[in-house]
Amino acid sequence: MVNDPPALNIDRLPLILAGPILRHTTPEIVTVWVALRLPARVSLQVHITGDRGSTIDRSIANGSRKTVTVGTSLHIVAVTATNAEGKLLQRGEIYAYDLKFTVAETTSNLAAALSSEEYPSVNISYFHHDLPTFVLPPLDLNRVKIAHGSCRKPHGDGRDALAILDQILAANADTPATRPQQLFLTGDRIYGDDVAAPLLWVATHLGESILGWEEELPVGKWDRPKYLTPKQLPSGKRGEIATRVGGFTAGLGRKRSKVSSHLFGLGEYCAADLMACSPVVWPKHLPSAAQRDCQDTKVAAGWDREVADMQNFIHSLWAVRRAVANTVTYTIFDDHDVSDDWNLNQAWCLRVLGKPLGRRVVSNALLAYSLFQAWGNTPAQFEPGESGYRLFGLLEELIYTRGYDEYIEGEISRYLGLPPRQPESNLPEFRVDGEDLVLARDPQSLTWNYLIDCGGYLAIVCDTRTQR
């Protein structure tokens, strides 16, 4: 009988757990996001190419930054390159980028960081030089090529449509006028609530492995604390606690099964983000219900169906990984990135944010979002002295204490924009905004909406969840 996934030997994985993903890029700056299993200083170089992208010429922009420690085996960075002479990248040109990773006193290149004994050859380029490439959108709006994707549920019906972008790029990589210049993902990048049981089964154990400690989730009341670890809340059996203890609404009525594998822990949300963009963190094999000795025929059928969905999803992840390494990518959260109906109305906020587990889960989801998505959208918010930088400093304390305490939890909530708790009732605080009540928000909170000046047009990305 298989109860737990095979023990994950982090040391056998490539240095790069996920990425590289090309993020906020303009004529002035180029940003690349990557997740590593070891702390490192990551250097980014941007190169001019020749022969329609097939040859590498001189470097024209560079930058470096140390990774942020999220866990003992999870270190993340969004590194930005600029031109010291202030020169701008040109539209209509194909550029390539390269990464160097300095761990302790050893430096490795991108190809070495992507590979390991189990993954000896990882291809993220459309050219023989093996480097990712990109182009900027033209000034003529009629010639702009934008790829757009919405919600992406791993166990949704059919194949992962995002893999189609890889086919388009492969056919047009050497032609700036026809290859997509930008990718906008405006739906749920991950699902925190409607989660396949096999995905949570992997995410719980992967999350613990990358964090290096077990989170204690508050499943009691404010005045009667009680704690359980994610492993004590197995996949397929979380519907009641998500609805009754966490206050989440997707499982109301007869829909408990929708939240029976809800993500709760910070490690689980980080693991789900890794699993959404990288095949190397998945087990080589997902067991069948029979191998897990599942006696309930209905549960067994559901498990096997979702395993088949996961196998299809994993199979196309290699193509997705290459596509987002070669296309400027922007994202925003939707409700399922946290949980269904997130911040839908005042009643939802009182119900969920007024409960210890509900508040913790929302905080964990937003913290993972800031690391995996927001940093790449708006890298300026995470520079030294800014709110994002201070938020990441709190992660160091979280690792040191191996879990939350009241101060750390409060400060993380503040930078993420969660409202303070009213001291008498523990309910979230609201403030008056014209004729409306909105959630109170610290002035130093991160801003999730952003604007991109693309030269010939503006891309305005709206936060329609925390600013409702």
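In the complete set of protein chains, residue-level accessible area for S261 is approximately 0 Å², probe 1.4 angstrom.
Note down the relative contact order for the chain as a percent, whole number, built from C-alpha pairs under 8 angstrom at least six residues apart.
17 percent
Residue pairs exceeding 24 angstrom between C-alpha atoms, taken from K153/K221; K66/K231; K153/K237: K153/K221; K66/K231.
Taking all protein chains into account, the per residue accessible area for region 1-129 stands at 45 Å² (1.4 Å probe). Once you have all Cα-Cα distances for region 302-378, histogram them in 10 Å bins from zero and send the whole-percent values. Histogramming region 302-378 at 10 Å steps yields 15, 30, 34, 19, 1 percent.
In region 192-331, what percent of the accessible surface is made up of carbon and sulfur (1.4 Å probe, ligands and nucleic acids excluded)? Write out the running numbers ahead of the final one.
Working: 2790 of 5400 Å².
The value for region 192-331 is 52 percent carbon and sulfur by accessible area.
Only four residue types carry charge here, +1 at the Cβ of Lys and Arg and -1 at the Cβ of Asp and Glu. Report the dipole size of region 254-394 about the Cα centre in Debye, rounded to the nearest 20. The partial results should precede the final answer.
Details: 15 positive and 14 negative charges, 72 e Å.
The calculated dipole for region 254-394 is roughly 340 debye.
For region 295-349, the residue among Q346, F333, V320 whose Cα projects farthest onto the positive side of the dipole built from Cβ charges is V320. When you count the other C-beta atoms within 10 angstrom of each residue and take the mean per peptide, 393-402, 95-104, 279-288 line up highest first as 95-104, 279-288, 393-402. Here the peptides 338-346, 115-123, 297-305 are ranked by packing, the mean other Cβ count within 10 Å, and the order with the highest first is 338-346, 297-305, 115-123. Within the full protein context, the accessible area of F313 is estimated at about 10 Å² for a probe radius of 1.4 Å.
How large is Rg over Rh for region 219-305, taking Rg from the Cα atoms and Rh as the Kirkwood inverse mean of 1/r across Cα pairs? With Rg and the Kirkwood Rh in hand, the quotient comes to 1.01.
Loop-located GluC sites (Glu not before Pro) across region 408-467 with a Cβ neighbour count of 16 or fewer within 10 Å are E424, E429, E435, with loop assigned by DSSP.
Per residue, region 361-468 exposes 47 Å² of accessible surface when a 1.4 Å probe is rolled over the protein heavy atoms with every protein chain present. Computed from Cα positions, the angle between helix 356-369 and the longest principal axis of the chain comes to roughly 0 degrees. When each of the peptides 183-194, 156-167 is scored by how many other beta carbons lie within 10 Å of its residues on average, the order from highest to lowest is 183-194, 156-167.
Here the label points at L139 and D11, each 7 Å from Cα along the C-beta direction, are separated by 5.7 nm in the simple model.
Hey, what number do you get for the chain at 222 nm if only DSSP H runs of n ≥ 4 count, each worth -39500 (n - 2.57), divided across all residues, to the nearest 500? Don't skip to the answer; put the middle values down first.
Details: 9 runs with 118 residues, N = 468.
Taking each H run of at least 4 residues, the total per residue is -8000 deg cm²/dmol.
Accessible area ranking (1.4 Å probe, heavy atoms, ligands and nucleic acids excluded), largest first, for R431, R441: R431, R441.
For region 124-215, the extents of the C-alpha atoms along the principal axes are 50, 30, 24 Å, listed from largest to smallest. Translational diffusion of the chain, estimated by Stokes-Einstein from the Kirkwood radius over alpha carbon pairs at 4 °C in a medium of 1.567 mPa s, is 57 µm² per second. Within region 219-276, the chymotrypsin sites (Phe, Trp or Tyr not before Pro) that combine a DSSP coil assignment with at most 15 other C-beta atoms in a 10 angstrom radius are W222.
The values are calculated or read from the model by the stated rules, or taken from the named source; none is laboratory data. Just so it is clear, the model here is predicted, and its values are computed rather than measured. All Cβ positions, glycine included, derive from the backbone under ideal geometry; neighbour counts span all protein chains shown. Surface areas here come from the heavy atoms of the whole protein model, side chains and all, with no ligands, DNA or RNA. Shrake-Rupley method; radii C 1.70, N 1.55, O 1.52, S 1.80 Å.
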